[in-house]
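**Student:** Take a look at the following structure, please.
The values are calculated or read from the model by the stated rules, or taken from the named source; none is laboratory data. If you're wondering where the values come from, they're calculated on a predicted model, not measured in any experiment. For neighbour counting, all protein chains shown are included, and Cβ atoms are generated from backbone atoms with ideal geometry for every residue, glycine included.
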Amino acid sequence: DNQYHAADLPALTLPVLQERADMVIGARPISEIEHFSPAKKLLQKLGSWVVRVSSGTDVQDAPSGFRAISRTAAQRLIVFNNYTYTLETIIQAGRKNMRVVSVPIRVNGDLRPSKLVKSIPSYLKRSMFTIVRIFVIYQPARFFGIAAALLFGLGFLIGLRFLYFYLTGTGTGHIQSVILAGALMSMGFQCLLVAFLADVIAANRKLLEDIRC
C-alpha cells in the first residue's frame, strides 16, 4: 500500500545479511504520522508494549509489516492468524530465543484508505481483541491468574464487609453480601484452575512447535 519508504530496504535487510539478527522490524515514527488518529497511535503503542511483555524482546513497533526475516527463522515460525501475524511472529521469535532488532524507517503519505482498517471503531475492536488474545495464548497463567486474584480479592473484601456488620450487630439485611462474596470467590477459584490448565496446554503447544521445527 506504499506505506513504507522503499529506500529503507537496505537498512532493513543489513542486520540479517550480516547475521546479526534473525528478524528485523522497521520502526515507524508513530507519534509523527499525521494521518494516524490519536486512538490508532495509542493502540499501536499499546500493542507494541503487549508484545514486548509477551515476547521478552525490545521491539519498538510490533504492528509494523515492514520487516526482514532470515530463512532459518521463517521456517521456525508458525502463523495462526493472517490479521495478527505481525504480532504473533514476534512473540514466537522471542520465545524461541531468536535475535529480534528494530531499525528506524520512514513512511510515505496516505495515498488511499487502508484495506485492513475500514473504520476507527472496527480497528479499535479488532486491536483490543488481538491484544487480549495474545495474552490468553502466550501468557495464559498470568492472564487467568490476575483474573482469579481480582475476583477472589473482591469477594474476600465483600466478605470482610459483611463480617464487620455481623460483629457490630448490624448484619441483618446484608445476607446478599455473603452470597455475592461466595460467588466471586468461587469464580476466582475456577479462574485459578483455568490458569493451571491453560499453562499446561501452552507448554504442550510449545513442545509441539519444537517437534515441528
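**Student:** Pick from Leu46, Leu17: which is farther than 15 Å from Pro104 by Cβ, at pLDDT below 90 and out of contact with any Asp or Glu (no Cβ under 7 Å at 6 or more places or on another chain)?
**Tutor:** Every option except Leu46 fails the conditions.
**Student:** Another question, then. Restricting the first residue to region 192-203 and requiring it to be more than 16 Å from Phe135 (Cβ to Cβ), which pairs with a second residue that is of a type outside the set (D, E, K, R) meet a Cβ separation below 8 Å and a spacing of at least six or different chains?
**Tutor:** Every condition considered, the pairs that remain are Leu192/Phe144; Leu192/Gly145; Leu192/Ala148; Leu192/Phe152; Phe196/Ala141.
**Student:** For region 11-40, how many residues meet the condition of being more than 16 Å from the chain's Cα centre (by Cα), of a type outside the set (A, V, I, L, M) and closer than 28 Å to Val132 by Cβ?
**Tutor:** Matching residues across region 11-40 total 9.
**Student:** Restricted to region 158-196, and to residues that are among the hydroxyl-bearing types (Ser, Thr, Tyr) and either crowded, with 17+ Cβ neighbours inside 10 Å or closer than 15 Å to Ala148 by Cα (or both), which residue is nearest to the chain's Cα centre (by Cα)?
**Tutor:** Looking only at region 158-196, we keep the residues that are among the hydroxyl-bearing types (Ser, Thr, Tyr), and these are 164, 166, 168, 170, 172, 177, 186.
Restricting the remaining residues to those that are either crowded, with 17+ Cβ neighbours inside 10 Å or closer than 15 Å to Ala148 by Cα (or both) gives 177, 186.
On the way: Ser177: 35, Ser186: 27 Å.
Restricting to residues being among the hydroxyl-bearing types (Ser, Thr, Tyr) and either crowded, with 17+ Cβ neighbours inside 10 Å or closer than 15 Å to Ala148 by Cα (or both), the top hit is Ser186.
**Student:** Just to check your reading of the model, which residue among Asp1, Asp8 is over 18 Å from Thr130 (Cα atoms), acidic (Asp, Glu) and at pLDDT 90 or above? Give the steps one after another, and end with the answer.
**Tutor:** On the way: Asp1 fails: at pLDDT 90 or above.
Only one candidate passes the filter, namely Asp8.
**Student:** Oh, and also: Quick check: anything in region 135-153 outside any helix (DSSP H, G or I) and surrounded by 14 or more Cβ atoms within 10 Å (Cβ to Cβ)?
**Tutor:** Kept after step one, since they are outside any helix (DSSP H, G or I), are these residues of region 135-153: 139.
Those left that are additionally surrounded by 14 or more Cβ atoms within 10 Å (Cβ to Cβ): 139.
Yes.
**Student:** What number of residues in region 69-85 are of a type in the set (Ser, Thr, Tyr), within 19 Å of Gln44 (Cβ to Cβ) and either modelled with pLDDT of 90 or more or surrounded by fewer than 20 Cβ atoms within 10 Å (Cβ to Cβ) (or both)?
**Tutor:** Matching residues across region 69-85 total 2.
**Student:** Tally up the residues in region 53-106 that are out of contact with any Ser or Thr (no Cβ under 8 Å at 6 or more places or on another chain), in a helix (DSSP H, G or I) and among the aliphatic types (A, V, I, L, M), please.
**Tutor:** Qualifying residue count, region 53-106: 3.
**Student:** Among the residues of region 97-105, is there at least one that is farther than 21 Å from Ala203 by Cα, surrounded by fewer than 16 Cβ atoms within 10 Å (Cβ to Cβ), more than 16 Å from the chain's Cα centre (by Cα) and modelled with pLDDT of 85 or more?
**Tutor:** The first filter runs over region 97-105 and keeps only residues farther than 21 Å from Ala203 by Cα, leaving 99-105.
Keeping just the survivors that are surrounded by fewer than 16 Cβ atoms within 10 Å (Cβ to Cβ) gives 104.
Adding the requirement that they be more than 16 Å from the chain's Cα centre (by Cα) leaves 104.
When the remaining residues are screened for being modelled with pLDDT of 85 or more, the result is 104.
Taking every residue of region 97-105 in turn, at least one turns out to be farther than 21 Å from Ala203 by Cα, surrounded by fewer than 16 Cβ atoms within 10 Å (Cβ to Cβ), more than 16 Å from the chain's Cα centre (by Cα) and modelled with pLDDT of 85 or more.
**Student:** Out of all the residues in region 15-42, which are in a helix (DSSP H, G or I) and in contact with a Leu (Cβ under 7 Å, 6 or more places away or on another chain)?
**Tutor:** Let us first name the residues in region 15-42 that are in a helix (DSSP H, G or I), namely 15-17, 30-32, 38-42.
Within region 15-42, just Ala39 meets the criteria.
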